[in-house]
Structure formats: structure tokens, C-alpha cells
Amino acid sequence: MRYTKLFCCLLLAGFLISPLFSSAQVVSPTGQAIAPAQDTLTDIEILESRHLTILKADDSTTLQILAGNVRLKQGNSLFYCDSCVVNNNAKTFEAWGNVHINDSDTAHIYSRHLRYLIDRKLAYLDGGVRLTDGKGTLTTPDLEYDMTSNIGIYKNGGKVINKKSVLTSKEGYYYADLRDVYFKNNVELKDPAYYIRTDSLLYNTQTQTTRFISQTFIRDSSGRTIETREGYYNLQTGKAEFGQRPIIRDGKTTIIANRIAFDDSAGTSQAVGNVIIIDSAQGTTILAGEVFRDNKKDRTLATRKPLMIVKQDNDSIYITADTLFTARLTDLYGTKDSVVKDTVKGATVINVKNKDSTDRYFEAYRHVRIFSDSLQAICDSVFYSFKDSIFRLFQKPVIWAKESQITGDTVLVFTKNKKADQVKVFENSFLVNRMDPEIYNQVKSTRMDAYFRDGSIDSVRAAGFAECIYYIQDEDSAYTGINESKCDLMDIYFANDALQKVVFRSKVTGTIWPIRQKDPKDMRLENFQWLEERRPKTKYELFE
């Protein structure tokens, strides 16, 4: 009886002398309130406890021991636990067993142990810590949580699970109000659709947006990889943007640019600033200021001084224009198995269902310039098929092969092993072969077919109202005469890049002039033009 009276006295004294809990409400084991309730921002309010013991450690320290369904409150935050000890002098309390913090319904934190600084509103949790904001869940061995700023910090490893995404790191900073988590050191994000590895990133659990602030590696379910130093990736919408020269490898295609943005849901992407696209399957490289890609239909549009390089062992082809476009042939001609004869462009295209590296074409528009060591060309637009390896040049095309120039309304360049093998010229065909300054061999006709050997013109057949002017030379290469003739069909043969002889295949009319009777400047066929000033001299000109 004496100890019971002493406990009751201590219990009563505790409520009278404790300044921290002067406004507290305590619930008895029977569930009845035994003290009035008031709410303050800094004090702890006891809402419920099955058992309460008050111990006076010294003159300034009073300990309140609560056990059984403990429920506390500070401001709008609620604390739950199996038991706790409140130190009024240190202004702390420590809780054990089924600890739960409800931080204004913004975040819920669970652990086995809690040490809480009442005035500073700092919570130190350990033992199976789990934090959730309703969207994602963070688990970590221990956590520091600031109830004022709603910021949680862990430094001994943590894991965030958001739907099917799992993100782990050594350190993390959780911003409950923003629902952002800043991850540091050995960061990995695993998702059925993506894998991300980096040193630092920012992740929003509500929008599922990941922001990159250091060197980052990304791989998606298709095998595409991304290397970047900055940007964002929304795992929910599939939209992303990367900066600081990101590198994207998609199958046999590599994309590098100052900035790359894409939308996986739409299957589109945009690359801006010193763009480089390498297609190892086609052996092509595109350089441009800006590139748009449709990944679903595998087509690409390049603008702002685009340049395409068709790789060859010793003589790569360089093509530039205002705009370059490349896509699948089967999308252009149809997807059914068939053979389509293009009589206008002179091409035979075999459509195939199975994907192959030759199921491609590219087009270039406006101010087209082409350079290789053996052949150069200009025109307004060009179409090239990887299926038949034919360049189709339209609107005032000009081709140069060493000292020879070919012009016409439309020109087709057939290539073999990516080198010129045959050239077909339609309407207003004109061949000029420069011998010396102001001395030009000339052939014009309606239709012209030129055949190449080792990058040089070997022979030419001119058909339809053919005309020629060519210079006759003796064994010492001295000019002796000028042949000016007309014939409906003639064959021209070259040797050492110079016209060697002309064979007339039908009735011929013409004159052979002694060299002294004619001024070479006056020996010009109608519509003659030598366009050397427009000829690309080096591949470096195309980069300007």
C-alpha cells in the first residue's frame, strides 16, 4: 500500500512539474482521459498510452516512461510506438517498437527505434526504416528526418521502390514536399524497361522523372544505350532530354550531339548541335546542325548544313545539301514482295519483307554537292538507293571525273563497290573533256551512256542527234586538226583520261579543220559550258 501511494504521488507530481507536457492529455489504461488537451507547435502532446511512469532523475531532469499503444502529437505530426521515454531537460524522446511517424499526411515513416529532438524537430530512426509518400517507398538501415523542412537523409545505403522501379544508392536525400529524392554514390535504377547507373541523380516519385547531374549510363529493354552527363528521363511518359554531348547507341546506329531529346511513346527524337549519326550497317555517317528521327519507321531528316559520308576503303563519298533524308525502301515502294520497275528513274527495286541493310535510300535537296577522289558532282536534288547502288541526280546536274565534265537534265550514276561504274544521262547530254586551257573535246546528244574503269571514264556512247568536236593529235601529242561532226550514234573511247578516238555508228557529216585554221576559243558546241568554278575541289569544302 505504501508503494502504491508513492507511485501515485510521483505520477501526480510529474504532471504538475513537467513544463514540456503541461498541456498534455494522458489516457488511462481504461481509455479515459486524465488530463486536458491543448495543441502547440513545439510541445509534445500525449494522446494515448496504456501505462505512464514518471521518474525524477535529478533536480532538473524528469523522465516520462510510456508503454502500450503510445500515441504522441507535435503540431500536425503524429508519433506512434510501443514504448518511449521523454526527457524534459534534454527535450528529447526515444521510442521503441513499431515506430510510426505521420508527418502531416505528407510522409509516413516506420522503424523499430527513434530518437527525436523536440525543439529542433529532428528524427533519427534506425532498424528497418521505411518511408513512403504514397507513390514510392524508401527503405534504409537508418534515416535522419527533419520535420520542419520535411527532408530525410540516409548515408548507409537505401532503396526506393516505385511501382516496378527499384532505385538503390549509398546516400540519399529525400524532399517530402517536392517528392524528390537526391541519390549519391553507386546509384542504380532497375525497371522492366530501363536500367540506369550513375554517381548522382534526382528522382521524383510522383512524376517518375529522373534527372541526371553526373556521368550516367542508361540501357533500355531494346538494348539501346545512352551515355550522358545531364538531362532528364520520364519513366512514365518515355520523354527525355540529354545535354553535354550525350551518346546514344541503338543497334548499329550511334548518335552524338550537343543535345538530344526523344519521345519513346511517339517514337521520335531530335538532336541539335554538331550532330553525328553513324550507321555501321549502311557504312554511312551524317553530320548536321539538327537531326529529326522517326524511330518507329526508321527514318531520319537532317538540316542545318548536313553532310553524309558513304564509307569506302580508299575513296569515301561525301554528300552535302540543305536537307538530307533517309528511310526504308519498303516504306517508299510498299511492303509486299514484288519487283517494281521504275522506268522514269531507271531503277529496279526488289521489295522484301525481311529487314536487311540494303532496304534503305536517302534523298538530298537543294544545293547538293558530292565529292569523292574519283568523282565530283552538283545538282539540285539527288536520290540514292542502297538496293541498286544508283545515284539519281535531278535539275541541272553536273558530274566531273578528273578532266571530264558531264551535264544533262537527269543523270544516273551506277556504282559498284561504291565506286562509279556507269553514268546515264537523259536529255541535253553534254560531255566536255579538257585537254589544255581553252582546248576542250566536246560531245552532245539526246542520250548518253558513260562507262568507268578504276574511277576514270573508259568509253561513252552518245545517241540521238549526236555532235562532237574533238582535237586530233599525232604521236608526239601535238594538235594537228579539229574534227567537227554530226551523227545519230557514236562511241567515244578514252585513254589516260583523254579522248582517244570517236567511232561513228551511222551516217556522219562533218569537217576536219587544220589546227591552224581555227581558234580553239571559237570551237564550241551550242550550250557549251565549263563549270570548273562550281566543282568541289576537296572534301573539306563540304564542311564549310
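The values are calculated or read from the model by the stated rules, or taken from the named source; none is laboratory data. From a predicted model like this one, the values you see are computed outputs, not experimental measurements. In this analysis, Cβ positions are derived from the backbone assuming ideal geometry, glycine residues included, and neighbour counts consider all displayed protein chains.
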Long-range neighbours under 6 Å by Cβ, at least six apart or interchain, first residue over 26 Å from Thr61 (Cα atoms) and free of Cβ contacts under 8 Å to residues at least 24 places away in the same chain within region 86-111, second assigned to a strand (DSSP E or B) and of a type in the set (D, E, K, R): Asn98/Asp82; Tyr110/Arg130
Test: residue in region 85-96 that is under 50 Å from the mean Cα position of the chain (by Cα), more than 19 Å from Tyr173 (Cβ to Cβ) and surrounded by fewer than 16 Cβ atoms within 10 Å (Cβ to Cβ): no
Selection count, region 372-410, where residues are closer than 23 Å to Ala495 by Cα and touching a Phe, Trp or Tyr at 6+ places or on another chain (Cβ under 9 Å): 10
Selection count, region 502-516, where residues are among the charged types (D, E, K, R) and loosely packed, with under 13 Cβ neighbours inside 10 Å: 2
Residue among Phe371, Phe383, Phe391 that alone is more than 21 Å from Leu531 (Cα to Cα) and modelled with pLDDT of 85 or more: Phe383
Selection count, region 468-513, where residues are assigned to a strand (DSSP E or B), under 20 Å from Glu403 (Cα atoms) and under 55 Å from the mean Cα position of the chain (by Cα): 9
Residue check for Val99: of a type in the set (A, V, I, L, M, F, W, C) and in contact with a Lys or Arg (Cβ under 7 Å, 6 or more places away or on another chain): yes
Residue match in region 437-445 (condition: at pLDDT 90 or above, of a type in the set (Phe, Trp, Tyr) and buried (at least 20 other Cβ atoms within 10 Å of the Cβ)): yes
Answer from Ala450, Ala463 - the residue that is in contact with a Ser or Thr (Cβ under 8 Å, 6 or more places away or on another chain), surrounded by 15 or more Cβ atoms within 10 Å (Cβ to Cβ), of a type in the set (Gly, Ala, Ser) and without any contact (Cβ under 8 Å) to a residue 40 or more places away in the chain: Ala463
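Could you name every one of the strands (runs of 3 or more DSSP E) located completely within region 224-321 that has at least 3 residues being under 19 Å from Arg211 (Cα atoms) and among the β-branched types (Val, Ile, Thr)?
Result: 225-228.
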Given (1) surrounded by fewer than 16 Cβ atoms within 10 Å (Cβ to Cβ); (2) of a type in the set (Asp, Glu); (3) within 20 Å of Asp126 (Cα to Cα), number of the condition Asp59 does not satisfy: (3)
Filter pass, Glu526 being farther than 30 Å from Ile317 by Cβ and either in a loop (DSSP other than H, G, I, E, B) or β-branched (Val, Ile, Thr) (or both): yes
Wholly enclosed strands (runs of 3 or more DSSP E) of region 374-416 bearing at least 2 residues surrounded by fewer than 22 Cβ atoms within 10 Å (Cβ to Cβ) and free of Cβ contacts under 8 Å to residues at least 40 places away in the same chain: 376-385, 410-416
Output for region 213-231, where each listed residue is at pLDDT 90 or above and touching a Phe, Trp or Tyr at 6+ places or on another chain (Cβ under 8 Å): Ile218, Arg219, Thr225, Ile226, Glu227, Thr228, Arg229, Glu230, Gly231
Matching residues in region 112-133 - criterion: being over 12 Å from Thr148 (Cα atoms) and in a loop (DSSP other than H, G, I, E, B): Asp133
